[in-house]
Amino acid sequence: MLFPTSAVGKKIMMAITGQVLALFILFHIAGNSTIFFHALNAYVTALYKLPLFVWGGRLVLLLAFVFHIWYGTVLKLENHAAKPEPYAKTRYLQATFAGRNQIWTGVMVGVFLVYHLLQFTFQVTNPAVAADTHPDALGRPDIFTMVVQSFRQIGIAGVYVVSLAALGLHLLHGIQSSFQTWGMNNEQTLPVVEKTGNVVSVLLFVWYCAIPIAIIAGILK
Amino acid sequence: MNLTLYVWRQKSSKDPGRLVQYEAKDISSDMSFLEMLDVVNEGLIVKGEEPIAFDSDCREGICGMCGQVVNGVPHGPRKKTTLCQLHMRHFKDNDTLYIEPFRAKAFPVIKDLIVDRGAFDKIIQSGGYISVHTGGVPDGNTLLIPKHDADIAMDAAECIGCGACVAACPNGSAMLFTAAKVSHLAMLPQGKIEAARRVCAMTEEMLAQGFGNCSNHYECEAVCPKGIKVKFIAKLNREFIKAQMTGS
């Protein structure tokens, strides 16, 4: 049987694409954190001076997304078919809420991503603050004002916090699960990988939420 | 003690099946779970009703024949205990118990609480063995096995193939069972020779039999009456990657 269609192969495809996306999540917040130093416009301008890096990265991410969604859907359908009848009484001993709802948090993150791209990459949701058509005093796209003006609306900030919670839950199961799929576990390392995955997921959630919350609280303006 | 039971009754694989309420009266706390069902069945026979069909064999916790889902947990609430070794003292008087068969597409119900676990045999047949050349018995100590490896192989070999891992898995996956067999043989020099072919064949057969994929929920480990660890699933994954890398 071919690697990508085998039971373990499919899981490895999920793990590798998931890990690529998780690395991007880390890179993305590290870059976005320049907003706290009022250096977001400078960061973005510098980043776009590396077109090979930006477009190469986008291509890798697009492929990772497509394969992650494809294999996630295939696995979910196969798993669903393998357990057609539910128990009258169900009790989970070790399976977590995050793990059991991985597909749904994944769907939430996917839907959010479309909105996020329309809002900040294609800048079509609120043309009045679109950075590409509203440069700052130095002539750079004014990403900072676009972000601050957007998050001042409590509804938008709320959507972000809820979506980030879904992302956090997705990572809570995904990080530790990906290492197990790679076979990088034994009795001693499994609890360490699980705890590290949990801490990283919670930290990323808090770190990401810090931006909309700082703007709502008026700390960033 | 007295108990209220809701037992899954299903005449055949074609019957839709349903939960039926029974009262288990004057149950001794020293009885095993299966003995409690024996008592209920005796009452049913006296009343002229069909007794509840369930699997059992050794009743010593080593054959892997018994297995039902009690209140949502395969083999009941006690850790590392088969249903036949689960005693009624672990329940309280007037408890309500839901007793259901192991559920998975690959384990069709034959009757009441009995399921067909033949899919496990198919997985074993696909590679869960070593090919040996017949001949003279080898001299003792000609094939030395480090204690550490022997211990791990024995831990994996503890699997009795009861199917609780499949019953507990939200995906109906047989990864813990397959991983135990793959790991057991891959740890030993006799089994290493065919390790690559084995892991590919057994995981493929697992899918062919209609089992799901592993989502790393670890419910299997929590209910395994022999305490098989999910580290063996990681080992199976490693063996699979190794097999793919070497093109075996």
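The values are calculated or read from the model by the stated rules, or taken from the named source; none is laboratory data. This is a predicted model, so every value here is computed, not measured. Glycine gets a Cβ as well: all are built from the backbone with ideal geometry, and neighbour counts include every protein chain shown. Just the protein is used for accessible areas: all its heavy atoms, side chains included, with ligands, DNA and RNA removed. Shrake-Rupley method; radii C 1.70, N 1.55, O 1.52, S 1.80 Å.
Observations on the structure shown:
- Restricting attention to segment B:140-159 and to residues that are in contact (Cβ under 8 Å) with a residue 24 or more places away in the chain and of a type in the set (D, E, K, R), the residue that is most open to solvent (accessible area, probe 1.4 Å) turns out to be B:GLU158.
- Selection count, segment A:66-91, where residues are among the acidic types (Asp, Glu) and either touching a residue at least 40 places away in the same chain (Cβ under 8 Å) or surrounded by 15 or more Cβ atoms within 10 Å (Cβ to Cβ) (or both): 1
- Taking segment B:102-129 as the range and being acidic (Asp, Glu) and under 21 Å from B:MET202 (Cβ atoms) as the test, the residues that pass are B:ASP116, B:ASP121.
- Every listed requirement among (1) open to solvent by 20 Å² or more (accessible area, probe 1.4 Å); (2) closer than 21 Å to B:GLU204 by Cα; (3) within 12 Å of another protein chain (Cβ to nearest Cβ) is met by B:LYS181 save one, (3).
- Considering A:PHE144, A:PHE151, the condition of being touching a Pro at 6+ places or on another chain (Cβ under 7 Å) and in contact (Cβ under 8 Å) with a residue 24 or more places away in the chain is satisfied by A:PHE151 alone.
- Test: B:GLY172 is open to solvent by less than 10 Å² (accessible area, probe 1.4 Å), more than 26 Å from A:GLU194 (Cα to Cα) and assigned by TED's automatic domain parsing to the domain that holds B:GLN125: no
- Of the helices (runs of 4 or more DSSP H) lying entirely inside segment B:150-240, those carrying at least 2 residues that are under 16 Å from the mean Cα position of the chain (by Cα) and either within 26 Å of B:ARG59 (Cα to Cα) or among the basic types (Lys, Arg) (or both) are B:164-168, B:175-186, B:219-223.
- The residues of segment B:43-56 include none that are part of a helix (DSSP H, G or I) and under 19 Å from B:HIS87 (Cα atoms).
- Verdict on B:ALA167 being in the same structural domain as B:CYS200 (by TED's automatic domain parsing), in contact with a helix residue (DSSP H, G or I) (Cβ under 7 Å, 6 or more places away or on another chain), at negative phi and not charged (D, E, K, R): no
- Some residue of segment A:6-29 being in contact with a Lys or Arg (Cβ under 9 Å, 6 or more places away or on another chain) and open to solvent by less than 30 Å² (accessible area, probe 1.4 Å): no
- Tabulated pairs, segment B:51-62, first surrounded by fewer than 14 Cβ atoms within 10 Å (Cβ to Cβ), second in a loop (DSSP other than H, G, I, E, B), C-beta under 6 angstrom, 6+ apart or interchain: B:ASP57/B:CYS63; B:ASP57/B:MET65
- Residue count for segment A:92-111 under the criterion of being within 13 Å of chain B (Cβ to nearest Cβ), closer than 17 Å to A:TRP70 by Cβ and open to solvent by less than 40 Å² (accessible area, probe 1.4 Å): the result is 2.
- Matching residues, segment B:104-139, being assigned to a loop (DSSP other than H, G, I, E, B), among the small types (Gly, Ala, Ser) and open to solvent by less than 70 Å² (accessible area, probe 1.4 Å): B:ALA104, B:ALA106, B:SER126, B:GLY127, B:GLY128, B:GLY135
- Some residue of segment A:203-211 being away from chain B (no Cβ under 14 Å), under 26 Å from A:GLY72 (Cβ atoms) and touching a Cys at 6+ places or on another chain (Cβ under 6 Å): no
- Residues that are open to solvent by 10 Å² or more (accessible area, probe 1.4 Å), of a type in the set (S, T, N, Q) and within 7 Å of chain A (Cβ to nearest Cβ) within segment B:200-248 comprise B:SER215, B:GLN244, listed in sequence order.
- Flag if A:LEU164 is more than 20 Å from A:PRO212 (Cα to Cα) and open to solvent by less than 50 Å² (accessible area, probe 1.4 Å): no
- Total residues in segment A:112-161, condition open to solvent by 30 Å² or more (accessible area, probe 1.4 Å), of a type in the set (S, T, N, Q) and assigned to a helix (DSSP H, G or I): 4
- Filtered residue count, segment B:1-33, keeping only those that are surrounded by 12 or more Cβ atoms within 10 Å (Cβ to Cβ), closer than 15 Å to B:ALA53 by Cβ and polar (S, T, N, Q): 2
- Of all the listed residues (A:THR34, A:THR45), the sole one being touching a Pro at 6+ places or on another chain (Cβ under 8 Å) and surrounded by fewer than 19 Cβ atoms within 10 Å (Cβ to Cβ) is A:THR45.
- Apart from one condition, B:LYS79 fits all of (1) more than 30 Å from B:ALA195 (Cα to Cα); (2) crowded, with 21+ Cβ neighbours inside 10 Å; (3) of a type in the set (D, E, K, R); the exception is (2).
- Within this structure, A:LEU61 fails the test of being free of Cβ contacts under 8 Å to residues at least 12 places away in the same chain and surrounded by 12 or more Cβ atoms within 10 Å (Cβ to Cβ).
- Qualifying residues in segment A:32-85 (those that are among the small types (Gly, Ala, Ser) and within 28 Å of A:PRO212 (Cβ to Cβ)) - the one nearest to the chain's Cα centre (by Cα): A:ALA64
- Tally, over segment A:182-195, of residues that are open to solvent by less than 70 Å² (accessible area, probe 1.4 Å) and not acidic (Asp, Glu): 8
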